[in-house]
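Below: one structure, written as structure tokens.
Every read-out reported here was derived from the displayed coordinates using simple, explicitly stated rules and does not represent laboratory data. Here the structure is a predicted model, which is why all the values come from computation and not from measurement. For neighbour counting, all protein chains shown are included, and Cβ atoms are generated from backbone atoms with ideal geometry for every residue, glycine included.
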Amino acid sequence: MWGFKIAKSQSINYDRNDKEIMRTVLENEPSLRVCMACGACTATCSAGNLLPTFNIRRLNTLLQRGEYTQLRNELNNCMLCGKCTLVCPRGVNIRNIVLNTREALMKYESDTI
Amino acid sequence: MSEQCVAKQNLWAKYQKDIADDHYYYCRSCIRQTFFPASERAYLNIMRDKLGKDLFDDPNHTTCTGIAYHSDLVPLQTTETVIARHFALMTEAGYENMAISCVTSFGLYTELLHTWEEYPEEEARVRQYLWDATRREFKKPKNIAHTSDTIYKFRNEIAAQMTRPLVNVKTGEPLKVVDHIGCHYAKMFPTKGVGGAEFPRVLTGMVEAWGGTPIDYPERRHCCGFGFRNYLVMANRGYSVANSKKKFESMVPYKPDFIVANCPGCAMFLDRWQYTIQQMEGTTYGADGQGIPSLTYEEMAGLVLGYDPWELGLQMHQVPVEPLLDKMGIQYTPRDKWTGKKH
């Protein structure tokens, strides 16, 4: 009758995402608050050097946005070498953030299944 | 006054525009005359009879070719020559200020004047085209205003004559109004619109002056989806309606009493698409399963000035306006909606 359909929105509304994991990680590792997204972690990352798609700075963005599917896939690429923590100019304990995020993700998934 | 306040005022001054006081050459809109034909008549009536302004409504004025131009159906030089003819008509009539009813036309006139400033040789070429075709010459307008600019300018004068403010007579609360500004009003040339593209003020200024509460909903600055070829090509209409839908979903949590728009196309689409969405998906956005009435600013001005709703042509709207009229305490005869008033 109409000859057309209402197009589905392509936009992602981050406000609708669940931010529970972010809150848990921040409680356990408050140094995440001072990250200024300079990218020093990404520049020094050994895994990132070998895997062009892996970007430790983007993990922070995904975590803050509550985009957990992509975060989970990316997070497993981290080797926990800790070089990112060494070079961080703000002293963010990035390795601890990765560990806490993995743990919180596993708990979140087991709770939601 | 604190330093911060002065800085804010100075900043806000950059978002204002000069709007002529009187003596306008009136440019009608092609589509507004079809969709909401009484709006332009109401505008002329308000400006002349209520505000005592001089407007020349020229029967020789034609389309600006805006829709055809934006749909790639006419070459730029044709559009330029047609608009140059409008300037010539204005010059011949002895006017220097333009009041343009259509946002598309307003954007196009502004765009061409800007083009001629940047490329004087283009202006010379168009002047020659116009001379060859019509033996006419023209002066460029001193002031170009969209008609909503003029209503905004005289909003307090209208408020002084207001008989029905934008207030819910049952609760005594101001009506909640969501505004929508046409993209071509200030997004192309932000300095040419009141409030620029970022802080649209032209409609909220009217709403506040007439007793309502404007709502700054999240998708306020989003396009209504008309977009010319988005709508004109049937296969693209799903994209067009999706834009309006995004706006409706964004305004619904604020429970607005009505929508007001300053663009002929936007007022039409924000009205008609509500019917389409209701038919296709069963969704309505207003109270009690109804839609949100969508008005033009002339209709809003007409209502607060006490005009009869059916004389204002509110029966031309897809979404029924009666719930809004009831809220404002406006008396109307339901039968007159379709039969017209007996004079």
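Set the Förster distance to 45 Å, then compute FRET efficiency between residue B:235 and residue A:86 from the Cβ-Cβ distance, nearest 0.05.
Result of the calculation: an efficiency of 0.20.
Between residue A:10 and residue B:124, take the C-beta separation as r, use R0 = 56 Å, and let me know the FRET efficiency to the nearest 0.05.
0.80
Give, in nm to one decimal, the length gained when the segment between residue B:161 and residue B:71 is fully stretched (0.36 nm per residue of separation minus the Cα-Cα distance).
Result for the pair: 28.2 nm of gain on full extension.
If amide H atoms are built 1.01 Å from N in the plane of the peptide, which residues on other chains or at least 5 residues away come under 5 Å of the amide H of residue B:211?
B:166
Please list, by residue number, everything in the stretch B:137-152 whose backbone N is under 15 Å from a paramagnetic label point 7 Å out along Cα→Cβ of residue B:117.
Taking a point 7 Å out along Cα→Cβ of residue B:117, the residues of the stretch B:137-152 whose backbone N falls under 15 Å are B:140-145.
Could you run the Karplus curve 6.51 cos²θ - 1.76 cosθ + 1.60 with θ = phi - 60° over the stretch A:69-76 and give me ³J(HN,Hα) per residue in whole Hz, x for Gly and Pro?
Ordered by residue, 3J(HN,Hα) equals 4, 5, 4, 4, 4, 6, 4, 5 Hz.
Could you give log10 I(q)/I(0) at q = 0.11, 0.13 Å⁻¹ for the protein assembly as shown, computed by the Debye formula over C-alpha point scatterers of equal weight, without solvent?
So the normalised log intensities are -0.95, -1.13.
I'd like the mean, over residues of B:272-284, of how many other protein chain beta carbons sit within 10 Å of each residue's own Cβ.
1
Which residues does a label at residue B:322 reach in the stretch B:290-304, if reach means a backbone N under 14 Å from a point 7 Å past the Cα toward the Cβ?
B:290-291
Sort the stretch B:84-138 into rounded, prolate or oblate with this rule: let a ≥ b ≥ c be the square roots of the eigenvalues of the Cα gyration tensor; rounded if a/c is under 1.5, and if a/c is not under 1.5, prolate when a/b is larger than b/c, oblate otherwise.
oblate
What are the ³J(HN,Hα) couplings of the stretch B:289-296, residue after residue, when phi is run through the Karplus curve with 6.51, -1.76, 1.60 and θ = phi - 60°? Round to Hz, x for glycine and proline.
x, 9, x, 9, x, 10, 10, 7
Looking at the square roots a ≥ b ≥ c of the eigenvalues of the Cα gyration tensor of the stretch A:35-112, which shape do they give, rounded for a/c under 1.5, prolate if a/b is larger than b/c, or oblate?
Because a/c hits 1.5 or more and a/b exceeds b/c, the stretch A:35-112 counts as prolate.
Specify the inter-centroid distance of the stretch B:59-134 and the stretch B:205-262, based on alpha-carbon positions, in whole Å.
So the two Cα centres are separated by 29 Å.
Could you tell me what percent of the DSSP beta bridges with both partners in chain B are antiparallel, to the nearest 5?
5
Please work out how much length the chain gains when fully extended from residue B:290 to residue B:139, using 0.36 nm per residue of separation minus the C-alpha to C-alpha distance, in nm with one decimal.
49.4 nm
Which whole number of Å³ per residue matches the convex hull of the alpha-carbon atoms in the stretch B:163-329?
108
Could you give the length gained by full extension between residue B:337 and residue B:315, i.e. 0.36 nm per residue of separation minus their alpha carbon distance, to one decimal place?
Answer, rounded to one decimal: 7.3 nm.
Students often forget the sequence filter, so: which lysines lie under 20 Å Cα-Cα from residue B:327 once same-chain residues fewer than 8 apart are removed?
Cross-link targets: B:170, B:176, B:255, B:337.
Within 10 Å of each residue's Cβ, count the other Cβ atoms and sort B:17, B:139 from fewest upward.
Ordered from fewest to most neighbouring Cβ atoms within 10 Å, B:17, B:139 come out as B:139, B:17.
Residue-wise, which Karplus ³J(HN,Hα) couplings in Hz belong to the stretch B:196-201, taking 6.51 cos²θ - 1.76 cosθ + 1.60, θ = phi - 60°, and x for glycine or proline?
x, 7, 7, 10, x, 10
Quick test of your reading: applying the under-4.7 Å Cβ rule, which cysteines of chain B are isolated?
So far as the 4.7 Å Cβ criterion goes, B:5, B:27, B:30, B:64, B:102, B:183, B:223 stand without a partner in chain B.
Compute the distance from the alpha-carbon center of the stretch B:7-57 to that of the stretch A:10-35, in whole Å.
49
Using Cβ-Cβ distances only, list the Cys residues of chain A with no partner cysteine under 4.7 Å, sorted by number.
Those would be A:35, A:38, A:45, A:78, A:81, A:88, since no other cysteine Cβ in chain A comes under 4.7 Å of theirs.
R0 = 25 Å: FRET efficiency of residue B:216 with residue A:33, Cβ-based, nearest 0.05?
The calculated FRET efficiency here is 0.25.
Starting from the Cα of residue B:191, step 7 Å toward the Cβ, then list every residue of the stretch B:1-26 with an amide N under 13 Å from that point.
The answer is B:14-18.
Among the lysines, which fall within straight-line cross-link reach of residue B:140, defined as a Cα-Cα distance under 19 Å, with same-chain neighbours fewer than 8 residues apart omitted?
Cross-link targets: B:17, B:192.
Just rank B:29, B:294, fewest to most, by other beta-carbon atoms within 10 angstrom.
Placing the least packed residue first, the sequence is B:29, B:294.
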